[in-house]
Amino acid sequence: MTAPLVAGIDTSTQSVKVVVRDAETGAFVRSGSASHPNATQVDPRVWWEALQVAVERAGGLDGVVAVSVGGQQHGMVTLDADGEPVRPAMLWNDNSSGRQARELVAELGAERWASETGTVPVASITATKLRWLAEHEPENAARVAAVCLPHDYLTWRLRGSTDIAELTTDRSDASGTGYFSGRTGEYLPDLLGHAFGRSDLVLPRVADIRESVGRAAGLGIDAIVGPGTGDNAGAALALGLGPGDVLLSVGTSGVVSAIVTQQPADPTGLVAGFSDATGNYLPLVATVNCAQVLDATRELLGVDYDELARLALAAPAGSNGLSFVPYLHGERTPNLPDAAGAIHGVTHASYTRESLARAAFEAIVCGLGVGLDAVRVLGLEVASLRLVGGAAKSPALREVAPSVLGHDIVLPAPGEYVADGVARQAAWVLAAQTDAAADLPAWPELGGAPVEVATAPSAPHVREQYALAAPLHLTREG
Ligand SMILES: Nc1ncnc2c1ncn2[C@@H]1O[C@H](COP(=O)(O)OP(=O)(O)O)[C@@H](O)[C@H]1O
Ligand SMILES: O=C(CO)[C@@H](O)[C@H](O)COP(=O)(O)O
């Protein structure tokens, strides 16, 4: 008899990834992926089409009996009464609503946002996008009957539903909307109404952490569907983070996150107090300029990833004094949605391809360093650092990160940890069909190859140099 299989889907910023694993052991079976448009506003129907391609590339979902979806957080997906998108989804990295975020904080106070939702809104947070919509597109705003997140939309399509009353979400993703309390597990209609001007919207029902929310009729397979997660909570599920284990994710976003048992409330707004996918909390700091800084530098230099890494490693720590302030898309941490970046420290010695390549890596790691400092200030004792995400494949990042952060870094085998995490959730939901209190399956084989530890001589001068350079940037007209 063939073992039951489960699938995890990560609808991320740049692509969708599908991973199929053995439900009992977690052994890898097959995978596929497909690209998303390179934009910060995307028609959500395109994600559904990309998913079909990724499933085909994964060799189909035959044998899969449970599936869950994880996804980029915060994106505002607006649906009309018939379940059709009102406009393209505004993604987490669309900074248009920077002014609305500032206004929402000024109107209610950072303390209230932090204590009620765990998070002081920045442009990434869904509530600020709703405020932007109400102001800029009142006709579209009037047509909005339901608002949901990218993973909610795909879960709903996967179930073959067209009824907005059947939308579901989970606590981890709901906690990034700006109108949900992770502590009570309930929406906060007052905050939704305050942001959008009305609160009579259909919001996805927040499913239990191991609930089957339906069957995967939309994909034509006989499988149950789990509640899914926000992407960072999904990666935490895959890696089974323990106390003090800090996750560094280097995808489109640069993310520092960890699991704690009490909801953090940081009125400075640096640390978002999100929920995780098990009943705990996920303090998180995110930058919007991470792997794409490497892409832009690679394109400018006309090289591939291997050559970019070779160039970077040919320059010394500190890039001969060159500092790259990488605000290519504004920035979220620090909260500078209208900033444009800069390159400082240009001398004859530093104005080289090697220095520029290394400065790009150092810039994104310095961004993670700011996040790490912020979670430490909240009282987190850092026991270990794990590096995942697309750019973690780069040998340059594997050397620059421990050097700049002054800490060894655990390198799990390269993989799709968000998709793996939601596949593990799907196995959990499957187990809960026969034992309602089932534990998260152990999945000893997740991760495959043994982990490596990256070490490098500590280079504290890189962060010192970056800290002097970073405040020297321009602000674009918002
Ligand atoms: N070998 C590599 N070196 C550096 N960056 C890489 C490499 N391979 C992939 N990437 C980066 O990974 C990013 C995609 O990572 P991923 O975690 O899938 O992003 P997201 O989850 O935001 O869609 C791309 O921007 C790409 O630049
Ligand atoms: O906004 C956040 C977290 O708050 C981002 O982490 C998004 O969830 C996107 O993740 P990637 O696509 O960069 O992995």
- Residue under evaluation Ala123, criteria (1) in a loop (DSSP other than H, G, I, E, B); (2) without any contact (Cβ under 8 Å) to a residue 60 or more places away in the chain; (3) buried (at least 21 other Cβ atoms within 10 Å of the Cβ), criterion not met: (2)
- Select the strands (runs of 3 or more DSSP E) contained entirely in region 1-100, then report the ones holding at least 3 residues which are under 20 Å from Thr162 (Cα atoms), within 19 Å of the chain's Cα centre (by Cα) and without any contact (Cβ under 8 Å) to a residue 40 or more places away in the chain. none
- Looking only at residues in region 213-228 that are out of contact with any Gly (no Cβ under 7 Å at 6 or more places or on another chain) and small (Gly, Ala, Ser), which one is farthest from ligand 2 (Cβ to nearest atom)? Gly220
- Every residue from region 298-321 that is in contact with a helix residue (DSSP H, G or I) (Cβ under 6 Å, 6 or more places away or on another chain) and not hydrophobic (A, V, I, L, M, F, W, C): Arg298, Gly318, Ser319, Asn320
- Message: β-branched (Val, Ile, Thr) and surrounded by 22 or more Cβ atoms within 10 Å (Cβ to Cβ): is that true of Val400 in this structure?
- Response: yes
- Item | Output for region 40-94, where each listed residue is acidic (Asp, Glu) and surrounded by fewer than 23 Cβ atoms within 10 Å (Cβ to Cβ) | Asp43, Glu49, Glu56, Asp62, Asp80, Asp82, Glu84
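Please pick out the residue among Ser249, Ser257 that is buried (at least 24 other Cβ atoms within 10 Å of the Cβ), within 13 Å of ligand 1 (Cβ to nearest atom) and of a type in the set (Ser, Thr, Tyr). Before the answer, list the steps.
Details: Ser257 fails: within 13 Å of ligand 1 (Cβ to nearest atom).
Of Ser249, Ser257, the one residue that is buried (at least 24 other Cβ atoms within 10 Å of the Cβ), within 13 Å of ligand 1 (Cβ to nearest atom) and of a type in the set (Ser, Thr, Tyr) is Ser249.
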- Report, by residue number, each residue of region 189-204 that is within 19 Å of Trp132 (Cβ to Cβ) and either among the aliphatic types (A, V, I, L, M) or in contact with a strand residue (DSSP E or B) (Cβ under 6 Å, 6 or more places away or on another chain) (or both). Leu191, Leu192, Ala195, Leu201, Leu203
- Residue, nearest to ligand 1 (Cβ to nearest atom), within region 326-346, restricted to residues that are within 14 Å of Ala296 (Cα to Cα) and buried (at least 24 other Cβ atoms within 10 Å of the Cβ): Pro326
- Item | Restricting region 163-188 to residues that are hydrophobic (A, V, I, L, M, F, W, C) and under 21 Å from Glu84 (Cβ atoms), the residue that is surrounded by the fewest Cβ atoms within 10 Å (Cβ to Cβ) | Ala165
- Note on the structure: Residues in region 140-178 that are among the acidic types (Asp, Glu) and either at positive phi or not in a helix (DSSP H, G or I) (or both) total 2
- Assess whether Ala374 counts as being within 15 Å of ligand 2 (Cβ to nearest atom) and either out of contact with any helix residue (DSSP H, G or I) (no Cβ under 6 Å at 6 or more places or on another chain) or without any contact (Cβ under 8 Å) to a residue 40 or more places away in the chain (or both). yes
- Message: Filter region 450-470 down to the residues that are in a helix (DSSP H, G or I) and closer than 16 Å to Asp408 by Cα and list them by number.
- Response: Pro460
- Those helices (runs of 4 or more DSSP H) completely within region 229-342 that have 1 or more residues that are of a type in the set (A, V, I, L, M, F, W, C) and within 11 Å of ligand 2 (Cβ to nearest atom) are 231-239, 291-301
- Within region 403-426, considering residues that are surrounded by fewer than 24 Cβ atoms within 10 Å (Cβ to Cβ) and within 14 Å of ligand 1 (Cβ to nearest atom), the one modelled with the highest pLDDT: Leu411
- In region 88-110, anything among the acidic types (Asp, Glu) and within 16 Å of ligand 1 (Cβ to nearest atom) is listed as Asp94
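The values are calculated or read from the model by the stated rules, or taken from the named source; none is laboratory data. Note that the structure is predicted; figures quoted are calculated from it, not measured. All Cβ positions, even for glycine, are placed from backbone atoms using ideal geometry, and neighbour counts span all protein chains on display.
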